[in-house]
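The values are calculated or read from the model by the stated rules, or taken from the named source; none is laboratory data. The structure displayed is predicted, hence computed values, not measured ones. Cβ placement follows ideal geometry from the backbone for every residue including glycine, while neighbour counts extend to all protein chains displayed.
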2 protein chains.
Amino acid sequence: MCEANAYLERDGKEELILESVDIIEPEDGKVFIRNIFGEQKVLNGRIKKISLIDHKILLEEIG
Amino acid sequence: MCEANAYLERDGKEELILESVDIIEPEDGKVFIRNIFGEQKVLNGRIKKISLIDHKILLEEIG
């Protein structure tokens, strides 16, 4: 499967916030993510880096 | 393989701009993308939506 795990970078650490993410939609300082199980989250932040080969979505808080 | 194809939405159409993308990094109104072959592009724009299940990265121009 080709989903990726989403991590939030905070205080220099990477915290896993959602596994098996399918959909990523950044909008107005927020990022909406939804996984293959229908779980979804909205984070205040931005996408820092995505590596599909590593199955990794790295988000960071703004400000 | 779990890469995705990157499309740029322009004038209501989706134009394929890079296949087999691995890395996506948005920064300051630009989006850097690199594929598994080492090809890379920098677009003036933003990520509109990514669906990993569909292997699709949709970018849009800003403004």
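Worth a mention:
- From the list A:Asp22, A:Asp28, A:Asp11, the one residue that fits, being within 9 Å of another protein chain (Cβ to nearest Cβ) and either within 11 Å of the chain's Cα centre (by Cα) or more than 17 Å from B:Ile23 (Cβ to Cβ) (or both), is A:Asp22.
- Within the stretch A:31-52, being within 8 Å of another protein chain (Cβ to nearest Cβ) and under 17 Å from B:Ser51 (Cβ atoms) holds for A:Ile36, A:Ile47, A:Ile50, A:Ser51, A:Leu52.
- Those residues of the stretch B:28-39 which are free of Cβ contacts under 8 Å to residues at least 12 places away in the same chain and touching a strand residue (DSSP E or B) at 6+ places or on another chain (Cβ under 9 Å), in sequence order: B:Phe32
- Qualifying residue in the stretch B:4-26 (condition: under 16 Å from A:Pro26 (Cα atoms) and modelled with pLDDT under 95): no
- Enumeration of residues in the stretch B:9-30 that are of a type in the set (Gly, Ala, Ser) and within 22 Å of A:His55 (Cβ to Cβ): B:Ser20
- Test: A:Ile50 is surrounded by 15 or more Cβ atoms within 10 Å (Cβ to Cβ), assigned to a strand (DSSP E or B) and free of Cβ contacts under 8 Å to residues at least 40 places away in the same chain: no
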